[in-house]
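The values are calculated or read from the model by the stated rules, or taken from the named source; none is laboratory data. The structure displayed is predicted, hence computed values, not measured ones. No Cβ is skipped: glycine too gets one built from the backbone with ideal geometry, and neighbour counts run over all protein chains shown.
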Amino acid sequence: MTPSEAIAQAKQGKLLPLYVIVGEERFLRDEVVAAVRSAALGNGVAAFNEDKYTAGEADADAILSAARTVPMMAPKRFVLVRGIERWDSSGEGRSDDGDAKKLAPLDRFAEYAAAPIDSTCVVLTGDKIDGRKRLSTLGKKQGFIVACDVLGGRELPGWIRDRAAARGNPIDPDVAELLAEIAGPELAHVNDAIERLALYAGEGKPITEEAVGECVARVRTADTWDLVAKVGARDLKGALAALADTYDPRDRGLPLLGALAWSIRQLAKFQAATESGASTDEAAKRAGVFQPFRARELAQRARGLRPKETDRWLLVLAETDLALKGSRRPPQAILEDMLTRLIASSGRAPRA
């Protein structure tokens with residue numbers, strides 16, 4: 001089950017008696033838990049109907065005993081267990097005499113899943129669960145496992161568009177990709193950025209590229225395109241000067257690098273589309289640009305770039321991203337080396 005499916009079911013009041021909510025994206029896990037909790041407790045008094053535990057600190061018997069307690073003036077009882085990966089790695093198992101009470105905690109819950117208490121909603125959550133566990137196998141068959149995995153690079157822009165639309169602030173695909181580049185991949189950071197952008201844009205107003213530059217990146221995309229133009233013109237001196245004007249030591253240059261990657265990725269997509277015979281407008285759409293005037297701008301920016309050159313640039317940017325996040329070198333020096341490599345990648349000498 002996906003997080004959105006679990007949340008939708010909870011809002012409809014269609015709760016399962018048991019959920020296993022696992023994955024490394026904690027923001028999604030927390031959202032699903034909150035939706036399930038709200039549906040389970042309704043307007044009831046939480047103090048009488050809610051129990052929270054941490055795996056490894058609470059005994060499985062005590063948790064299951066709480067699950068079998070009837071709710072008091074609430075639709076259901078809500079029992080939450082956090083950190084179930086601790087049980088996964090505990091090495092507990094069935095005793096030699098086969099005593100069921102000595103089953104590993106997750107196996108105890110697998111037994112509970114066979115005959116759960118309908119008046120209670122039990123939620124087990126954590127970073128992961130061993131796929132070989134009986135609970136995992138049963139959960140896949142019965143559909144009570146909610147996978148909250150980190151969103152990939154292709155999934156995040158769509159999540160941003162859906163999130164912004166839900167707030168009443170539409171966002172164009174290319175702007176969503178820009179936001180994904182400079183604010184991702186952690187959804188908590190991305191969601192915070194969307195909240196700020198929505199407030200900045202105003203009720204019902206679209207979130208624009210300019211708004212992202214003002215509220216999130218602290219670098220204007222116009223400056224980024226100027227940097228791309230200087231790289232394309234092999235103007236190393238001008239590129240270094242542009243970098244000095246836009247670099248912000250507070251963020252180690254990561255938003256600037258993200259905006260630069262977004263710009264070059266648009267060029268690469270446009271270039272690939274035109275090489276396949278697409279018109280300017282169609283190529284721009286494949287690059288995520290739908291407004292005619294922006295399509296013309298993109299076409300103009302793509303002129304003079306050799307085929308596949310942008311692909312090499314993206315490789316350099318990916319290596320720079322790793323260096324910024326893992327090297328002890330000064331970030332500005334890493335970015336200056338990046339510009340030198342970008343300009344030298346054509347095999348022609350840069351202009352002094």
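Can you name the residue in the stretch 258-311 that is assigned to a loop (DSSP other than H, G, I, E, B) and buried (at least 17 other Cβ atoms within 10 Å of the Cβ) and is also modelled with the lowest pLDDT among such residues?
Going through the qualifying residues, I end up with LEU305.
Please go through the stretch 28-57 and pick out each residue that is buried (at least 18 other Cβ atoms within 10 Å of the Cβ) and either among the aromatic types (Phe, Trp, Tyr) or farther than 20 Å from CYS148 by Cα (or both).
Of everything in the stretch 28-57, those that are buried (at least 18 other Cβ atoms within 10 Å of the Cβ) and either among the aromatic types (Phe, Trp, Tyr) or farther than 20 Å from CYS148 by Cα (or both) turn out to be ALA40, LEU41, GLY44, ASN49, GLU50, ASP51, TYR53.
Identify, by number, the condition in (1) among the basic types (Lys, Arg); (2) under 22 Å from the mean Cα position of the chain (by Cα); (3) at pLDDT 85 or above that ARG218 doesn't meet.
(3)
Considering only residues that are farther than 13 Å from PRO17 by Cα and modelled with pLDDT under 95, which ones fall in the stretch 72-82?
Answer for the stretch 72-82, where residues must be farther than 13 Å from PRO17 by Cα and modelled with pLDDT under 95: MET72, MET73, ALA74.
Could you pull out the residue among LEU178, LEU199 that is surrounded by 14 or more Cβ atoms within 10 Å (Cβ to Cβ) and not assigned by TED's automatic domain parsing to the domain that holds PRO255?
LEU178
Residues to consider are LEU342, LEU305, LEU314; find the one that is closer than 22 Å to GLU177 by Cβ and in contact with a Phe, Trp or Tyr (Cβ under 6 Å, 6 or more places away or on another chain).
LEU342
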